[in-house]
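The structure appears below as structure tokens.
The values are calculated or read from the model by the stated rules, or taken from the named source; none is laboratory data. Remember, it's a predicted structure, so these values are computed and weren't measured experimentally. Cβ: placed from backbone, ideal geometry, glycine included. Neighbour counts: every protein chain shown. The accessibility values were calculated without ligands, DNA or RNA, using every heavy atom of the protein model including side chains. Shrake-Rupley method; radii C 1.70, N 1.55, O 1.52, S 1.80 Å.
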Amino acid sequence: MISFLKTTAFLLLFVLNPGLFEKTVHAQNDPEQQAKNLVENGQYAEAIPYFEDLVHLYPQDKMLNYYLGMCLVETEQLNQQAQTALETSLGEKTPVMSLYYLAQCYHAKDNFSEAMNYYNQFDDNARRKEKKNTKLEELKALCEQEINPFSTPEEEDEAEQTEPTTPIEEVVELQPEEVEIPAGLEDSLIHFQVNSTIKYLKIDQFNSASSLQAFVRGWRAEQELHNLTEEANLLRAKYNSAFAGEKEEIANAILALEKESYTKSQLINQNYTQARLGEKDYWAQASPETRHAFSEKIQAMEDSIIQAKEAKRLEKLEAQKPLVLPDSLVQNLTPEEPAAVSTGAVYKIQIGAYSRTPPEWVQRLFKKLSVIRRIDQYTDENGVTVYTVGELKSYQDALQMQSQVRTEGVSDAFIAAYKDGERIPLKEARQITGE
């Protein structure tokens, strides 16, 4: 029955907004599936506006409330909205992680007794694999000591409540001098999802000056995060060739950059959420005709972008077409260069292979390993992403690195051989290297 009601409601949305229908058919997904796909890829912030709209339509749907609460907690928004969604989600068929997320909401409010209650329920009901991907023991220990490691959500809620919202009739057209737009952003595509039906592609599509300012702050923070990542990568390369006495100092610098990167990621989420909330208020007051006209405009822009990309792709293919020479000329041609010589075999240490985003515990392990080693990755013909470290010319050197990587935490690391970028058997590789 619930499934039927969902289908009916979304059909009504499509009637009011044909642009949404065309876009959804093009993606071959409904809004709920799109949101779940974002969660599967770890894009929790992007999934929030979808689940907020879905929960508004179906306020008692336990799974939709669970997903909304999970996304809010994963983006450090441990506020009343997250708590209400997770409390509504509780039930026999709801994932046991709802208890863990709800415990964090109470923990963030200094309600240590209620937080410990839900931590213990999660501890009693969760499987070992589910606990492995959490900080349960650490959070329980902090809770017992009445230590709150989270930012206080009440302050954020109060700020949201006290910020006045401007009625749509009183929205003043933005002047260029009101918000300083950074170079490189004014003419860029931004792909900013406001809610399940409204998306911005250009910076001039914002309707609220405060929302635009928040978005610009988030965008600047993203650029800074990129620079931090580049700096950390340079330090990792320096670490590999450094003397033993220098490695500790470099490792500490890398860890400091990682900590700063984490803080920067939180700042990005907070600013984009603030920008999204302001724009959602605007569109909530807009007429169906206004929303429909804007959706059609975005759809036309996206179609134009796709056509431009396709034209560029065809132009590139045309330029790559081989030159066809007359037979008489081909017969007289002689090779001027020798045939390419094989680059030989190399050995790499494979530390994992996943068809989807690696589990959280694997990501934490890779993050720890990346402090001292560069992690490379490629996608094979089956769509599986393979993660490796090292590129060694000798099998004996590969054995030594395999042993080191295993002691560093990847107990199932193994040696893989490659020739000209293609995977080959170890026996063939050892014949090539004469070992």
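Before moving on, here are some points about what is shown:
- Residue-level accessible surface for Ile181, protein heavy atoms, 1.4 Å, Å²: 50 Å²
- Region 376-391 - phi-based ³J(HN,Hα) in whole Hz, Karplus 6.51/-1.76/1.60, Gly and Pro as x: 9, 8, 8, 9, 7, 5, 9, x, 8, 8, 9, 10, 9, 10, x, 8
- Backbone phi angles across region 395-408, fed through the Karplus curve with coefficients 6.51, -1.76 and 1.60 (θ = phi - 60°), yield HN-Hα couplings of 5, 5, 5, 5, 4, 5, 5, 4, 4, 5, 5, 5, 5, 7 Hz in residue order; Gly and Pro are listed as x.
- Neighbours of Met63 by Cβ distance under 10 Å: Lys/Arg scored +1, Asp/Glu scored -1, total +1.
- Accessible area per residue, Å², region 335-435 with all protein chains present, probe 1.4 Å: 62 Å²
- On the beta carbon distance between Asp420 and Leu314, with R0 = 41 Å, the FRET formula returns roughly 0.90.
- Summed over the residues of region 55-160 and divided among them, the accessible surface reaches 51 Å² per residue at a probe radius of 1.4 Å.
- Cα-based reach from Lys135 at 20 Å (exclusive), listing lysines while leaving out same-chain residues under 8 positions away: Lys109, Lys259, Lys367, Lys368
- By average C-beta atoms within 10 angstrom, highest first, the peptides 237-250, 98-111: 98-111, 237-250
- Karplus-based coupling profile of region 137-144, in residue order and whole Hz: 4, 4, 5, 5, 5, 5, 5, 4, with θ = phi - 60° in 6.51 cos²θ - 1.76 cosθ + 1.60 and x standing for Gly or Pro.
- In nm, spacing of pseudo-spin labels at Ile190 and Thr263 (7 Å Cα→C-beta vector): 2.6 nm
- Dimensions (Å) - region 31-76, Cα atoms, principal axes, largest first: 24, 21, 14
- Total formal charge among the other residues, if their Cβ is under 14 angstrom from that of Asn41, Lys/Arg +1 and Asp/Glu -1: -2
- Span from the region 35-64 Cα centroid across to the region 97-124 one, whole angstrom: 22 Å
- Residues whose amide H comes within less than 5 Å of that of Thr75, counting only those at least five positions distant or on another chain, are absent (H built at 1.01 Å from N in the peptide plane).
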